[in-house]
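Have a look at the structure below before the remarks.
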Amino acid sequence: MTRIGSPRGVRRTARVALVATFALALAACGGAKVGEDTTSSAAPAAGGSGTAAACGTVNIAINPWVGYEADAAVVAELLQSKLGCTVVKKNLDEQVSWQGFGTGEVDVILENWGHEDLKKKYIEEQKVAVEVGPTGREGKIGWFVVPWMAEKYPDITDSKNLNKYADLFKTSESGGKGQFLDGDPGFVTIDGPLIKNLGLNFKVVYTGSEAALITSFRQAEKEKKPAIGYFYSPQWFLSEVPLVNVKLPEYTAGCDADPKTVACDYPVYNLDKIASAKFATSGSPGYDFVKKFQWTNDDQNVVAKYIAVDKMSPEDAAKKWIADNQAKVDAWFAS
Amino acid sequence: MAVLEAAKTTRPPAAPPAATPTGPVWAAHRGAVVAGVIAVWVVLWALLRNRFTLTLDTASTTDLHLRINDVRDSIDAGRNSNPLFLYVFNEIRLVIDALTNAISGLIAQPAFGRPVPLLGWLGVVAVVMFVAWALGNGRVSLLAGAVFVFFGLQGLWTQAMDTLALTLAAVLVSLLIGIPLGVWAGLSDRVNRVLTPVLDFMQTMPTFVYLAPLTLFFLIGPASAVIATLIYAAPPAIRITAHGIRSVAPATVEASVALGSTPRQTLFRVLLPVARRTIVLGINQTIMAALSMVTIAALIDAPGLGQNVLKALQTLDVGTAFNAGMSIVLMAIVLDRVTTAMSERVEVARLMTPQAIARRPYLLGAGAVATLVCVYLSYTFANYAVFPTPEGTSLGYIGDDIAGAADAVKDWAQSNLTFFTQTWKDVSTAWFLDPVEHLLVESPWFVVVAVAVVLSLVIGNVRAAVTTAVCLAVVIGTGLWSDTMTTLAAVLVATVLTVLIGVLVGVWMGRSRGADRAIRPVLDAAQVMPSFVYLIPFVALFGATRFTAIVAAVVYSAPIAIKLVADGIRNVSATTVEAALSAGTSTLQMIRKVQLPMAREALVLATNQGLIYVLSMVVIGGLIGAGALGYDVVAGFRQSTYFGKGLAAGLAIVMLGVMLDRVTQAASGRTGGAKRR
């Protein structure tokens, strides 16, 4: 009658389970306990004798491009190692990052490309953000062709001659005209009016993302197919495929005032840093450092290459660059 | 695994069959009428080409778009004094943040003063296996254990746990809201009528539209990510629960009432238990929908696998993105199989022998003890807390090999296939896409509206025609008519391709069990793999074009069409097939004359679902060259000045969705009615 409850299978299963867990427990005896040795690296370096004022937490917005990631990696590494700050990186789009100033969740944007509308809204009107000065880098937007074309057709690098080659750029998307590629809708472009006002037989085709734009250029260079479009530096891709700039009528102050009649090159953007008003007035040594932080396009390209091409983690890339450039780093901390 | 699959398929037809035996004259000659309408359209297009087309330049905005911006700005400026923010949104945020952080501290992130989460990898694997076994069966338990260990071997343990934590939080909140609402909608027709359009809206409004505003309301953090996810993930739970309650046989309810049960007793003792299996299906669909949001939520700093995909995209690192995408696919497969096994548990339990039933408590007890030991070990010892890294050994992560293999495949394809893919793209664009687009975009708006209304009437019914008229009126109101027509052209071409593939592969799968077994996992993967992963190879193969977007949409939508057609073919009664066979029918005749006509309802349903899925890819299309509405939505997310335009574009997409859904549903209702006669 009572055999039902105790078939051999149960005991066997139970025994296997017990033996297995016991074996695990035994194996664990050789291992370190949680908190014994892992804490040393995890514990914040705050309270070290070198730091005067407490730095506290710095929230850095990480906008989605590699150059920005390079800035943030170096800044974060130095904030942590030199000043003992707690750094929180937040992966955000530009617009959302600016919103974060208002809601108090973003302290710093390290590489701002223009965005006059957002500056007006958050710096002038809401007064929740402040400009922290230039990054030392120049953002250059312009028209570019794939390198093989510049070599084969040397005069293609002047916009005046583009119509001669328009037929080469025809695709299924360009409606009988030459195809001009635009990228991420987040970036300000005046390519449509420019093409019209310069009388060029081209049509803007919106690839819709930076990834699609870069892939289009990369594939065109590989297959020696024509491609022309909007691009910018600093950008890690230029070290892989050195796109060639196409000359546009020179930029003069105010020539781009009316988007309907604009017929000149893009201005040079002095990329700048933005901080929340709260962070700027906090007295944190972190803010003083962010304010002093400046480096060149070449510096940034090195770190961006470590990340994008050599596949290093941002932390390792930053450490490597810092070790190789002690003099520059020291200058940021010299008082 | 389909996100909307069950949600939509189980929705009762929107309208009763309109065509009665004494229906209008044209009902008898539908095909001829449709052909006639299109012929008239082409003539009008030729005559009035490029007039009254309501075009709006890509960089331009309308007054409406700017007004929406102003509303956004005033909300933004007043958020510190607005009582709605102070007492409602803040409270919601605090609760959801606390919930998410608790789950995350349990399995994913350092918390409670510890350098590691409470449960280490061993504990998580043990708990997952135990739960899968106790609520499902041994097979899914082993699958779950293997997959979770695999996350660690891929080098993605922490990211996978972050994703799991966020998904669990979103699913919990979704169910907490969704199941009661679903029960209510199941019991009350009025609630159901009010909820349906709201749910349509939640499921078809592109997430990009509300992602940035969400961070205004709920700040940057777990709450916003969870809410973004649940807006998309809760509707299936609501719909399927309502459907489950509704499909309980009325006789069962009447019997319960006759026996003197109170409404409350009827609900808890009769309706809910009987509908249980359907409700579990709803939970399953909600989980799948939540997982499909992983990459998009990463745009507002949601941690986890989505971050890996996005970061890899910045450097065009397809292999790394694929590795992370694979984790998402595997997690989806595990959660799908475990919840499915849970829903079958009741039946399985009924078939168990008395011995097995008596044995079960002991087995469960032993399992629980073993699990607790593992939990304790992973709480205490570093080796079981943090997944071992291959550092210091000659081994690497499996993930690196997976990434390498994916890159190799991509490189090979990009070097060897571009000639074919480019030719394919050029031919399809010139012969199919361009003609449809010219017709829609270059015709005067009133011609298109008239044609659409008449076609809705002929294919569907009066109600569908009214819906079409209203939806198109709203589209005109958004100021984005021309973009909407461009998008509609691409959506229609993509849907035709989807249905074609659905029929070809679906018939094959429906007729052959072997084919079904081999293909189904591929379909599951294609549905759950984040589309961001394959965008770059597609752009390399086809260029940044409208056709590329169509291909991406077909990859996502064909699986559901294939599955529905396969099920339809398999459900054709065996006796019919045998009868036809004995009458000497050839294979081709069998498919054309017997199986496809009998599976007609499934075909219409596959078209409906194909459309909805294609539509959900419009925004992704905007990222790879489709332009039009998809681009407008992305621009609205990326640039503050285009916020209003992006919202308007999102609304236009919703309108397209509602219109196409109602017309195809009306058509399916009609064919159903025709068959019954």
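Look at (1) part of a loop (DSSP other than H, G, I, E, B); (2) within 30 Å of residue A:92 (Cα to Cα); (3) more than 14 Å from every other protein chain (Cβ to nearest Cβ) and you find that residue B:260 fails only one, number (2). Report, by residue number, each residue of the stretch B:218-230 that is part of a helix (DSSP H, G or I) and within 14 Å of chain A (Cβ to nearest Cβ). B:218, B:222, B:223, B:224, B:225, B:228, listed by residue number.
For the stretch A:91-118, enumerate the residues that are within 16 Å of residue A:278 (Cα to Cα) and part of a helix (DSSP H, G or I). Within the stretch A:91-118, A:97, A:98, A:99, A:100, A:101, A:102, A:103 meet the criteria.
Does any residue of the stretch B:409-416 turn out to be part of a helix (DSSP H, G or I), out of contact with any Lys or Arg (no Cβ under 9 Å at 6 or more places or on another chain) and crowded, with 16+ Cβ neighbours inside 10 Å? Yes, that holds for at least one residue. Taken over the stretch B:475-527, residues that are aliphatic (A, V, I, L, M) and more than 30 Å from residue B:449 (Cα to Cα) amount to 12.
Note on the stretch A:171-211: residues that are assigned to a helix (DSSP H, G or I), touching a Gly at 6+ places or on another chain (Cβ under 6 Å) and without any contact (Cβ under 8 Å) to a residue 60 or more places away in the chain total 0. Looking at B:255, B:233, B:237, just one residue is assigned to a helix (DSSP H, G or I), farther than 20 Å from residue B:174 by Cβ and modelled with pLDDT of 85 or more, and that residue is B:255. Only a single criterion out of (1) away from chain A (no Cβ under 12 Å); (2) of a type in the set (Gly, Ala, Ser); (3) within 30 Å of residue B:496 (Cβ to Cβ) is not satisfied by residue B:405, namely (3). Taken together, the criteria place residue B:391 among residues that are surrounded by fewer than 19 Cβ atoms within 10 Å (Cβ to Cβ), out of contact with any Cys (no Cβ under 6 Å at 6 or more places or on another chain) and outside any helix (DSSP H, G or I). The one condition from (1) crowded, with 20+ Cβ neighbours inside 10 Å; (2) over 30 Å from residue A:237 (Cα atoms); (3) among the polar types (S, T, N, Q); (4) free of Cβ contacts under 8 Å to residues at least 12 places away in the same chain that residue B:315 does not meet is (2). Restricting A:200, A:194, A:168 to residues that are under 28 Å from residue A:114 (Cβ atoms), surrounded by fewer than 19 Cβ atoms within 10 Å (Cβ to Cβ) and not polar (S, T, N, Q) narrows the list to A:200.
For residue B:440, the criteria (1) farther than 30 Å from residue B:316 by Cα; (2) hydrophobic (A, V, I, L, M, F, W, C); (3) within 11 Å of chain A (Cβ to nearest Cβ) hold in every case but one, which is (3). Once the stretch B:302-311 is narrowed to residues that are buried (at least 23 other Cβ atoms within 10 Å of the Cβ) and part of a helix (DSSP H, G or I), the residue that is nearest to the chain's Cα centre (by Cα) is B:306. Identify all residues within the stretch B:339-361 that are of a type in the set (Lys, Arg) and within 14 Å of chain A (Cβ to nearest Cβ); write none if there are none. Listed by number, the residues that qualify are B:359, B:360. All conditions in (1) part of a loop (DSSP other than H, G, I, E, B); (2) surrounded by fewer than 19 Cβ atoms within 10 Å (Cβ to Cβ); (3) in contact (Cβ under 8 Å) with a residue 24 or more places away in the chain hold for residue A:239, with the sole exception of (1). In the set (1) surrounded by fewer than 17 Cβ atoms within 10 Å (Cβ to Cβ); (2) part of a helix (DSSP H, G or I); (3) out of contact with any helix residue (DSSP H, G or I) (no Cβ under 8 Å at 6 or more places or on another chain), residue B:75 fails one condition alone, (3).
The values are calculated or read from the model by the stated rules, or taken from the named source; none is laboratory data. Just so you know, these numbers come straight off a predicted model, no measurement behind them. Note that we place each Cβ from the backbone using ideal geometry, even for glycine, and neighbour counts take in every protein chain shown.
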